[in-house]
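Sharing a structure with you now.
Just so you know, all these numbers are worked out from the coordinates, no wet-lab data involved. Bear in mind the structure is a predicted one, so any value in this text is a computation, not a measurement. Reconstructed Cβ throughout: ideal geometry from the backbone, glycine too, with neighbour counts over all protein chains shown.
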């Protein structure tokens with residue numbers, strides 16, 4: 001009797017033991033080890049080394065100084081030119097995110113709630129540009145925004161009797177180009193969030209006498225915040241760390257962290273300073289990511305865990 | 001669903017949406033329009049009609065050799081991403097163990113980590129270990145940033161199939177490799193295909209990694225085009241842009257036919 005009682009427990013424990021250290025775990029290790037090894041060697045360690053580099057300085061012979069220092073960061077914070085670059089990066093990214101939100105909302109609403117055929121067509125229209133090279137899309141904006149009479153926009157303005165505008169090589173050119181390039185990254189999470197809202201909640205609000213605008217403002221908008229937060233994080237991070245768009249549309253007149261770091265590493269060869277800029281960029285992106293997770297989890301404890 | 005789902009503002013909303021759609025699409029038409037212009041410079045509005053710029057760029061080594069290099073790089077990277085991503089997806093979907101979330105976070109992190117910084121870190125690594133073969137360096141870098149796409153598409157396919165069929169095959173004496181090849185693989189073909197195409201396209205379009213790892217001889221297409229923009233003033237550059245837009249449209253059509261674009265991009 002005692003044996004009979006002990007047996008099931010024993011096999012159970014034995015089973016769990018075997019499952020953990022025997023065949024099944026071996027299977028998981030075999031499947032996952034190559035990728036984990038690859039990621040540690042070519043991603044985790046190099047990023048760590050790069051961050052470490054940012055705390056050293058380069059001597060005239062190209063070697064590193066012996067002791068760690070914050071000099072690169074002090075330089076980034078104290079020199080006017082670099083401070084301007086940091087501020088431009090934050091400003092351009094913030095405007096791009098805000099404009100992308102305003103444009104993405106109607107698109108996402110129609111994609112989710114509109115006519116099924118229109119929604120499907122819209123999905124393809126929004127997604128397709130993601131597969132067109134960023135250099136090509138940015139080139140198109142150079143053609144449109146070109147200063148002088150050959151620019152599409154200025155030609156059009158001249159024909160309706162409006163004065164020429166100087167947009168290429170300004171911050172606004174970078175913002176316009178970035179909105180065009182990154183808008184899909186806002187529309188996708190937003191439409192996913194809108195799709196999760198139960199239409200009967202909005203129906204109930206309408207039945208209770210709310211007009212379309214208050215249904216949107218009091219029901220739809222608050223419930224879509226998680227999607228907006230994900231989209232905003234993506235667009236802000238991608239804009240802040242972009243190179244092609246600021247280089248081709250902003251040139252030297254709207255320098256951003258991406259163009260500065262390229263110049264410091266590939267032209268000036270100041271590795272430690274370049275590493276400090278790259279680390280700052282990483283910190284900015286991480287703050288934005290963690291901030292949006294924190295915001296969503298505070299307001300939507302259940303939804304945040306659902307999204308993971 | 002009817003327009004009722006949008007309430008009374010439906011007409012206004014459709015109008016606004018139409019304008020935003022134009023903002024998304026119309027800019028892409030200008031390079032195409034300008035590429036037919038019969039003028040020695042890019043001018044707007046385009047004048048005349050000629051196909052000579054297409055003929056010119058197709059015979060221009062500055063365009064054709066980076067193009068072929070990018071195709072080669074894309075194929076190698078897609079193979080690398082499939083070889084590394086498929087077992088990872090299987091491990092993450094089929095097993096649960098402590099630290100699973102951490103590993104998943106690690107292998108998907110290149111999607112959220114600033115890619116420019118990943119490129120700098122890779123350049124630092126390859127410089128310190130004296131790895132100067134830029135094709136090898138680029139394939140490693142592109143594989144790193146394309147693996148997450150394969151993991152996502154293959155995971156999505158794995159979640160749709162019944163794991164008990166695999167267990168049955170194992171019980172009946174098939175080895176792990178046999179089970180994968182004869183049971184699992186045929187069922188996840190759409191995921192493998194979408195992942196492979198995605199990895200190829202992502203590699204083909206990549207700039208943020210390539211800009212650090214390319215050298216003067218091994219020059220992928222997006223970088224060649226970037227360089228040509230500031231150097232080529234005839235409509236040839238518009239012709240190159242048009243050819244690349246055309247290629248993207250073909251890929252969109254293929255993906256839409258294969259799995260549906262939305263599913264392929266796993267949104």
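Most mobile of A:235, A:41, A:285 per a Gaussian network model of chain A (Cα springs, under 10 Å)?
A:41
How do A:56, A:169 line up, fewest other C-beta atoms within 10 Å first?
Details: A:56 20, A:169 17.
Placing the least packed residue first, the sequence is A:169, A:56.
Nearest 10 degrees, 0 to 90: what angle lies between the long axis of helix B:10-34 and the longest principal axis of chain B (Cα atoms)?
Helix B:10-34 sits roughly 70 degrees off the main axis of chain B.
Which of B:247, B:221, A:111 has the fewest other C-beta atoms within 10 Å, and how do the rest follow up to the most? Kindly include the intermediate steps, with their values, before the conclusion.
Numbers: B:247 18, B:221 29, A:111 25.
With the sparsest Cβ surroundings first, the list reads B:247, A:111, B:221.
Comparing A:236, A:269, A:43, which has the greatest mean-square fluctuation in the GNM of chain A with Cα pairs linked when under 10 Å apart?
Judging by the Gaussian network model, the answer is A:43.
Then there is this: For chain A, what is the mean residue ellipticity at 222 nm derived from helices alone (per DSSP H run of n ≥ 4: -39500 (n - 2.57); sum divided by total residues; nearest 500 deg cm²/dmol)? Walk me through the intermediate numbers first.
Numbers: 15 runs with 217 residues, N = 308.
Per the formula, -23000 deg cm²/dmol.
What number, in percent, do you get for the relative contact order of chain A if the mean sequence gap of Cα pairs under 8 Å and at least 6 apart is divided by its residue count? Display every interim value, and only then the final one.
Working: 322 pairs, mean separation 69.9, N = 308.
Averaging sequence separation for qualifying contacts and normalising by length gives 23 percent for chain A.
Add -39500 (n - 2.57) for each DSSP H run of 4 or more in chain B, then divide by its residues: what number comes out at 222 nm, to the nearest 500 deg cm²/dmol? Before the final figure, lay out the partial values.
On the way: 13 runs with 186 residues, N = 267.
Per the formula, -22500 deg cm²/dmol.
To continue, here is another question. Quick check for you: which residues of segment B:44-85 have the amide N under 18 Å from the point 7 Å beyond the Cα of residue B:177 toward its beta carbon?
Counting backbone N atoms under 18 Å from the label point, the list is B:83-84.
Using alpha carbon centroids, what distance separates segment B:92-127 and segment B:217-233, in Å?
Centre-to-centre (Cα) distance: 30 Å.
Still on this structure, I have one more. Using only Cα atoms, tell me the angle between helix B:134-160 and the longest principal axis of chain B; keep it within 0 to 90° and round to the nearest 10.
Computed tilt is about 60 degrees.
If you take each beta carbon of peptide A:41-50 and count the beta carbons of other chains within 10 angstrom, what is the mean? Write out the running numbers ahead of the final one.
Details: counts 2, 10, 12, 3, 2, 11, 9, 1, 4, 8.
That works out to 6 on average.
Give me A:191, B:133 ranked fewest to most by other Cβ atoms within 10 Å of their Cβ, as a rough exposure proxy. Could you put the intermediate results ahead of the total?
On the way: A:191 27, B:133 11.
Final ranking by Cβ density, sparse to dense: B:133, A:191.
Compute the FRET efficiency between residue B:96 and residue A:252 as 1/(1 + (r/R0)^6), taking r as their Cβ-Cβ distance and R0 = 45 Å, and round to the nearest 0.05.
Working: r = 53 Å, r/R0 = 1.18.
According to the calculation, E is roughly 0.25.
Between the helical axis of B:61-94 and the dominant principal axis of chain B, each derived from Cα atoms, what acute angle in degrees is found, rounded to the nearest 10?
Helix B:61-94 sits roughly 20 degrees off the main axis of chain B.
While we're looking at this one, here's another question. Using a Gaussian network model of chain A whose springs link C-alpha atoms within less than 10 Å, name the residue from A:267, A:89, A:282 with the highest mean-square fluctuation.
The residue with the greatest mean-square fluctuation here is A:267.
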